[in-house]
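Colleague: Please see the structure below; I have some questions.
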Amino acid sequence: MTRKTQILILTLLSIVFFFAYSSYLMGREVSFTTPDENVNLFYTRYVAENHSIVYEDALNESLDTTAIRPRGMRYQEGKVVPNLFFGMYFIYGGFQQVFGFLHLPDSAVLYLNPLFAVIGVWLLYFLVGEVFDEKTALISACLLFVLPPYWYWGSLFFSNILAVVLFIAALLFSFKALNRERPGFYALAGLFYGLTAFVRPDFVYLYPSVLVLILVRWRSIRIKYLGLAVLTFALSMAPLLLLNDYLYGGFLKTGQHVSLAWKGVVPPAGDRPDYLGENIALVLSAVPLSVFSFGGFIYLLRKRKHLDYLLLLPIPILLFGYFFLTGQPGRFDIIAHNSYVRYFVPIYVLMLPLFVIFLLRVVRKRYLVAAALVVFISFSVFTAYTGVLDTRRTAIYYAGKAGSIESQTESDAVIFCNSLDKILFPLRKVALYNFSEEAIDNAASLCSRMIDMGLPVYLVVERPSTTNLFSRLLEYYGCKMSVVDPANNLYSISKAKRI
């Protein structure tokens, strides 16, 4: 097959799968099923409009509380800041500004993840072509289109796929630099490694294998060019370090793990090393390529071929198992849209060429190769599409719920909720509570003080069994609950009339 034919195939599939990835968004109101997506979109737009990542809100300070903010944000030292990794906001915020100049709708920014997911397929094609051969590259790229975790997370507004794509670009330019010794490739490799860390600092679990790659290929490296790579890496990392220091009080403190020092970059998630092997096996089993990829790994290892590429996998897998997996995950939780799987996407992507190598070099027989590919593609499309479809249905339901609550509350209202901040913010200010009696007592006290300030206050009772507790504690603070929307368990809070 000629290179032009391969490019044509990938171009046609890129168009098809951009719409497949975007189908989650099309024909519906923007609403999310997770608080992270909601905060990601808010800050992307906020950075684009205000050129700042600090969200000013005087209400917390005037009430001496930290509760008035959604999950994914935290109130500290008079300002509300992201409690998530923020690199995505600046990259997508830049695109948002460009879209504004082009007079594209605000929702256009949501299509960046599907677009980058498609770009990532092309980058993998060039990476595998650089390391292996064009046939392996084409098949690997085509399989990446349907890889369930890649499809699922490429449809949603998370930063993981953007980081995966940046990391693939970094690897591509790394191998180009090793094979061609051009300074531009060194500079681009350093740049994209830095941008990967800027978007997802926790992806540094992938970097020790890159250091091993440098050591193994040391004779192929030009020292002066390596210095250029270090420089571009440092420059692209600088915004992350400076903003970490500004927002969280330490260069190596991050929003997602703000209470930790340098370990906050990759915090150990559990203390059960005896579960390490089973945890890794369970996460690997989420995608039906692991056994075959392992076969491809063994085949190349025995042939002593492409050892530099093989070194990219074992260390990240072990580090992932140690740092990210908490306890013993349930077998039925390890699915395409599980958070464990989300962090493992770069490993799945790097395993694809080994899967293809096993089929082409070990299995060989065309009918068996074809059967394996049909099974993999069928399973992947079914798994990814059903996962995205279920999430889309939930998002549509939440959009209706948010619209209903918005229409029944004032624009300056504060709504107390436990998890519905993901759909109510930024339509309304939200104040968080949990279900302990102490937390509900604090929420009731805060309601009373807000009403004294003249604010409209509402409560969404997300656990009906706590209704009586809310009523009793609000009564203690001189307030009462009135049903506004029984279907959504929405109550208005007002001062009780004294007799």
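The values are calculated or read from the model by the stated rules, or taken from the named source; none is laboratory data. What you are looking at is a predicted structure, and each value in this text was computed from that prediction instead of being measured. We place every Cβ from the backbone using ideal geometry, glycine too, and count neighbours over all the protein chains shown.
Colleague: Collect the residues in segment 476-499 that are over 10 Å from VAL457 (Cβ atoms) and among the aliphatic types (A, V, I, L, M), keeping them in residue-number order.
Modeller: Matches in segment 476-499: MET481, VAL483, VAL484, ALA487, LEU490, ALA496, ILE499.
Here's the yes/no breakdown for (1) surrounded by fewer than 17 Cβ atoms within 10 Å (Cβ to Cβ); (2) aliphatic (A, V, I, L, M):
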{"position": "LEU420", "(1), (2)": "no, yes"}
{"position": "LYS429", "(1), (2)": "no, no"}
{"position": "TYR433", "(1), (2)": "no, no"}
{"position": "ALA443", "(1), (2)": "no, yes"}
{"position": "PRO456", "(1), (2)": "no, no"}
{"position": "SER465", "(1), (2)": "yes, no"}
{"position": "MET481", "(1), (2)": "no, yes"}
{"position": "ILE493", "(1), (2)": "no, yes"}
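Colleague: Go through segment 453-478 and give me each residue that's of a type in the set (D, E, K, R), assigned to a helix (DSSP H, G or I) and touching a residue at least 12 places away in the same chain (Cβ under 8 Å). Before you say what the answer is, go through the steps one by one.
Modeller: Here is the first cut: in segment 453-478, the residues of a type in the set (D, E, K, R) are 462-463, 472, 475.
The next check asks that each one be assigned to a helix (DSSP H, G or I); those that pass are 472, 475.
Scanning segment 453-478 gives a single hit, GLU475.
Colleague: Test GLY93 against the stated conditions and say whether it is of a type outside the set (Asp, Glu) and in contact with a His (Cβ under 9 Å, 6 or more places away or on another chain).
Modeller: Values: of a type outside the set (Asp, Glu): yes; in contact with a His (Cβ under 9 Å, 6 or more places away or on another chain): yes.
Yes.
Colleague: For residues that are farther than 14 Å from THR34 by Cα, in contact with a Phe, Trp or Tyr (Cβ under 7 Å, 6 or more places away or on another chain) and not small (Gly, Ala, Ser), tally how many sit in segment 382-418.
Modeller: 3
Colleague: Pick out the one residue from LEU359, LEU318 that is in the same structural domain as GLY129 (by TED's automatic domain parsing), under 29 Å from LEU178 (Cα atoms), at pLDDT 85 or above and not hydroxyl-bearing (Ser, Thr, Tyr).
Modeller: Details: LEU318 fails: at pLDDT 85 or above.
Result: LEU359 is the single residue among LEU359, LEU318 that is in the same structural domain as GLY129 (by TED's automatic domain parsing), under 29 Å from LEU178 (Cα atoms), at pLDDT 85 or above and not hydroxyl-bearing (Ser, Thr, Tyr).
Colleague: Of all residues in segment 1-31 being of a type in the set (S, T, N, Q) and under 16 Å from ALA384 (Cβ atoms), which is surrounded by the fewest Cβ atoms within 10 Å (Cβ to Cβ)?
Modeller: Step one: of segment 1-31, the residues of a type in the set (S, T, N, Q) are 2, 5-6, 11, 14, 22-23, 31.
Right, trim to under 16 Å from ALA384 (Cβ atoms) and you get 22-23.
Numbers: SER22: 18, SER23: 15.
Among residues in segment 1-31 that are of a type in the set (S, T, N, Q) and under 16 Å from ALA384 (Cβ atoms), the one surrounded by the fewest Cβ atoms within 10 Å (Cβ to Cβ) is SER23.
Colleague: What helices (runs of 4 or more DSSP H), lying completely within segment 84-153, carry at least 1 residues that are surrounded by fewer than 21 Cβ atoms within 10 Å (Cβ to Cβ) and of a type in the set (D, E, K, R)?
Modeller: Numbers: elements: 87-101, 112-131, 134-146.
So the answer is 112-131, 134-146.
Colleague: Related question: In segment 8-23, how many are at pLDDT 95 or above and among the polar types (S, T, N, Q)?
Modeller: 2
Colleague: Which residue is surrounded by the most Cβ atoms within 10 Å (Cβ to Cβ), if the candidates are limited to segment 232-271 and must be assigned to a loop (DSSP other than H, G, I, E, B) and either touching an Asp or Glu at 6+ places or on another chain (Cβ under 6 Å) or modelled with pLDDT of 90 or more (or both)?
Modeller: Keep residues of segment 232-271 that are assigned to a loop (DSSP other than H, G, I, E, B), which gives 249-261, 266-271.
Imposing the further condition that a residue be either touching an Asp or Glu at 6+ places or on another chain (Cβ under 6 Å) or modelled with pLDDT of 90 or more (or both) reduces the set to 251, 266.
Values: PHE251: 16, VAL266: 21.
Residue satisfying both the conditions and the ranking: VAL266.
Colleague: Now, a different point. Name the residues in segment 405-437 that are within 17 Å of THR467 (Cα to Cα), free of Cβ contacts under 8 Å to residues at least 40 places away in the same chain and of a type in the set (Gly, Ala, Ser), would you?
Modeller: If the condition is that a residue be within 17 Å of THR467 (Cα to Cα), free of Cβ contacts under 8 Å to residues at least 40 places away in the same chain and of a type in the set (Gly, Ala, Ser), then SER436 is the only one that fits.
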